[in-house]
Amino acid sequence: MSLRATDALQMGGAFAEDAEAQARFEGTQRMLAWRRRLLPIAAVVGLLVVWEIAVVVFDIKPFIAPAPSMVAKVLAAKFGMLMSNLLPTAIEALSGFLLGNAAAIAIATAFVYKRTLEEAFFPVAVMINTIPVVAKAPILVLLLGNGMEPKIAIAALICFFPTLVNMTRGLRDVSPQQLELMRILSASPREVFIKLRLKNALPYLFSALKIAASTAVIGAIVGEWIGATAGIGALIIQATYNFDSPLLYATIVVGSAFSATFFGVISWAERRLLKWNVGHAA
Amino acid sequence: MPALALDRPSDRMAPTAAGDATPAITLDRITVRFTTERGTVTALDGVDLSVQPGGFVTLLGPSGCGKSTLLRVVADLIAPSSGSVRVLGGDASVARERRDIGFVFQDAALLPWRTAQQNVELPLEVGGGRAQPGKRSPRELLELVGLAGWENAYPHELSGGMRQRVSIARALVNDPKLLLMDEPFGALDEITRDRLNEELLRVWEETGTTILFVTHSIYEAAFLGQEVLLLAARPGRVRELVPVDLPAPRQIAMRETRAFVELVAHLRRVLETC
Ligand SMILES: Nc1ncnc2c1ncn2[C@@H]1O[C@H](COP(=O)(O)OP(=O)(O)O)[C@@H](O)[C@H]1O
Ligand SMILES: [Mg+2]
């Protein structure tokens, strides 16, 4: 009995014979990996240097555009204050993220099992989605008051739609043959959902979650513009009115860093959970 | 056109089935119609079939002649518009619920988030109390289909042939009495297909399972089957039931023998009129 499996094992053996070539190959791969990581860093550093020089050479006023070194100084000097403003924004963004996505997943599940619900409510979801965030925000402040609630609601709303669309698609797009397989195995509807539809939807869900990770932070910040005394959004408004550009830039750096970290965590979870997914395996 | 050669000579039965009374599959005047926006299609028109326990019947016909539909009727995936289906002496649904039917799809239909072994274990996890394990463990079944050492590989790490082996192992995990295979090797290259054909015969001999195997390859139909059921298209109906008189054990080299060549020529002639 000759098999592909044993062929492949033998091929593995054939590769191992030339250990030196193997080591050279791996060395090249490592170098390429470092190159991929270092190039963007070098580009960012280069741009910062150009910016710094431009501010000095053209004598640009700090309130129009502060030099990177000045922004860095403010970041260090006001680090405690910046962090205490990040906290409410982070809480709002994370709560909104959880609420919005949980609601989207629940409603997508309902849509998949009850077409009528989808036909009735999907157009409503589309309509709400077409209202710009800056227009939704004041309405929600009027409805929910001046606390964290309207900010959480905005972050949730902004996460909701992409997840609803992707999750519905992921739950529905299972192959007919996989469904037939489940029927041959006399699987219950619950088993079909948990063992087939939910797993099938995971890659779709994660692409939506990655979008939601950044938009939830944007939602919370926009909510804070309408009326808040603390938070990244409030700080942006204050710094702008005071022509305190270095603080404005420092605040933006903190907000972006948080957004990027959030995105990174979701990407990391995706890589861990979706090892089986060809598109993400590489 | 009326079905020809339907009277099965009793000496054509599988060796293991000698004297066994109830056929594994009995189809009696099965008709299946599909209604779509474009009208009604008669996929099967009055099809009769009887398969003895332990038998290996191949279904051969042009595409669209209802081969898949016939398999789905036997597997209780489609209810026929008229006619009666008996599987293992009872209702097809009873056989399905008892896990007496294993099904192998053309594209393997593995769950990509499960490793080879987890895919083979799936039938043991779903379907509530029906999921009694068979004589062989999933690991032993993977070994039986030549995949020892690949238990933890994900489907995207396997070749087409290896995926199909996993799906055969999965279909065998409950020791089904009946294995239904819908063009399982249709998407594979010829060399892999030949190899899997030989191995399937070995698995069939080792397990004693009854097999109904759909193919559109004349060679495959003749090489595997103890009988070849030729179907004609539009509407799908039985054209001829051809007994295969080739000695066991069958090997790929046998395809050069005179008996095999003549059989293939006969099948081709009939197929041209389908
Ligand atoms: N679910 C379905 N709905 C409508 N028509 C179908 C369906 N399944 C099969 N058919 C039609 O029935 C006929 C036989 O199909 P099928 O059994 O798949 O043929 P084969 O497997 O021999 O290629 C074809 O004309 C096909 O279009
Ligand atoms: Mg088919």
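The values are calculated or read from the model by the stated rules, or taken from the named source; none is laboratory data. Please read these numbers as outputs of a predicted model, since none were measured by experiment. No Cβ is skipped: glycine too gets one built from the backbone with ideal geometry, and neighbour counts run over all protein chains shown. For the accessible areas, the whole protein counts, side chains as well, though only heavy atoms, and no ligand, DNA or RNA atoms are used. Shrake-Rupley method; radii C 1.70, N 1.55, O 1.52, S 1.80 Å.
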task: Report, by residue number, each residue of region A:188-197 that is open to solvent by 40 Å² or more (accessible area, probe 1.4 Å) and within 8 Å of chain B (Cβ to nearest Cβ).
output: A:Ser188, A:Lys195
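Any idea which of B:Leu144, B:Leu122 is in contact with a Leu (Cβ under 8 Å, 6 or more places away or on another chain) and in contact (Cβ under 8 Å) with a residue 60 or more places away in the chain? Break it down stepwise before answering.
Working: B:Leu122 fails: in contact (Cβ under 8 Å) with a residue 60 or more places away in the chain.
Result: B:Leu144 is the single residue among B:Leu144, B:Leu122 that is in contact with a Leu (Cβ under 8 Å, 6 or more places away or on another chain) and in contact (Cβ under 8 Å) with a residue 60 or more places away in the chain.
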query: If we keep just the residues of region B:174-199 that are among the hydrophobic types (A, V, I, L, M, F, W, C) and either more than 24 Å from B:Thr69 (Cα to Cα) or free of Cβ contacts under 8 Å to residues at least 60 places away in the same chain (or both), which is nearest to ligand 2 (Cβ to nearest atom)?
result: B:Phe185
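Criterion first (assigned to a loop (DSSP other than H, G, I, E, B) and either aliphatic (A, V, I, L, M) or facing chain A (nearest Cβ under 9 Å) (or both)) does B:Leu180 satisfy it?
On the way: assigned to a loop (DSSP other than H, G, I, E, B): no; either aliphatic (A, V, I, L, M) or facing chain A (nearest Cβ under 9 Å) (or both): yes.
So B:Leu180 fails the test.
Take the conditions more than 28 Å from B:Asp76 (Cα to Cα), of a type outside the set (Lys, Arg), more than 7 Å from chain A (Cβ to nearest Cβ) and open to solvent by 50 Å² or more (accessible area, probe 1.4 Å) and apply them to B:Glu151. Does it pass?
no
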query: Just to be sure, is A:Asn200 open to solvent by 20 Å² or more (accessible area, probe 1.4 Å), polar (S, T, N, Q), touching a residue at least 24 places away in the same chain (Cβ under 8 Å) and closer than 20 Å to B:Phe105 by Cα?
result: yes
message: Please go through region B:70-84 and give me each residue that is more than 10 Å from ligand 1 (Cβ to nearest atom) and crowded, with 21+ Cβ neighbours inside 10 Å, ordered by number.
response: B:Val74, B:Ala75, B:Pro80
message: Regarding region A:211-228, can at least one residue be identified that is surrounded by fewer than 16 Cβ atoms within 10 Å (Cβ to Cβ) and among the polar types (S, T, N, Q)?
response: no
- line: The condition of being aliphatic (A, V, I, L, M), in contact with a Pro (Cβ under 7 Å, 6 or more places away or on another chain) and either surrounded by fewer than 22 Cβ atoms within 10 Å (Cβ to Cβ) or under 17 Å from B:Phe185 (Cβ atoms) (or both) holds, among B:Ala221, B:Ala233, only for B:Ala233
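Restricting to region A:105-118, name every residue that is assigned to a helix (DSSP H, G or I) and either modelled with pLDDT of 90 or more or touching a helix residue (DSSP H, G or I) at 6+ places or on another chain (Cβ under 6 Å) (or both). Talk me through it step by step, then tell me what you get.
Restricting attention to region A:105-118, the residues satisfying the condition of being assigned to a helix (DSSP H, G or I) are A:105-113, A:115-118.
Listed by number, the residues that qualify are A:Ile105, A:Ala106, A:Ile107, A:Ala108, A:Thr109, A:Ala110, A:Phe111, A:Val112, A:Tyr113, A:Thr116, A:Leu117, A:Glu118.
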- prompt: Taking the condition surrounded by 14 or more Cβ atoms within 10 Å (Cβ to Cβ), in contact (Cβ under 8 Å) with a residue 12 or more places away in the chain, under 15 Å from the mean Cα position of the chain (by Cα) and more than 22 Å from B:Glu190 (Cβ to Cβ), does B:Thr209 pass?
  reply: yes
message: I'd like the full set of residues that are more than 25 Å from B:Gly186 (Cβ to Cβ) and part of a helix (DSSP H, G or I), limited to region B:96-125.
response: B:Glu97, B:Gln117, B:Gln118, B:Glu121, B:Leu124, B:Glu125
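May I ask you to list the residues in region A:54-71 that are in a helix (DSSP H, G or I) and in contact (Cβ under 8 Å) with a residue 40 or more places away in the chain?
If the condition is that a residue be in a helix (DSSP H, G or I) and in contact (Cβ under 8 Å) with a residue 40 or more places away in the chain, then A:Met70, A:Val71 are the ones that fit.
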query: Which of the residues belonging to region B:48-79 are over 21 Å from B:Val203 (Cβ atoms), away from ligand 2 (no atom under 16 Å from the Cβ) and either in contact with a Ser or Thr (Cβ under 6 Å, 6 or more places away or on another chain) or in a helix (DSSP H, G or I) (or both)?
result: B:Ser50, B:Asp76
statement: Selection from region A:249-260 of residues closer than 16 Å to A:Ala76 by Cα, open to solvent by 20 Å² or more (accessible area, probe 1.4 Å) and in contact with a Leu (Cβ under 8 Å, 6 or more places away or on another chain) yields A:Val253
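Looking at region A:140-159, can you tell me whether even one residue there is over 27 Å from A:Thr229 (Cβ atoms) and surrounded by fewer than 21 Cβ atoms within 10 Å (Cβ to Cβ)? Let's see the steps before the verdict.
First, pick out the residues of region A:140-159 that are over 27 Å from A:Thr229 (Cβ atoms): none.
No.
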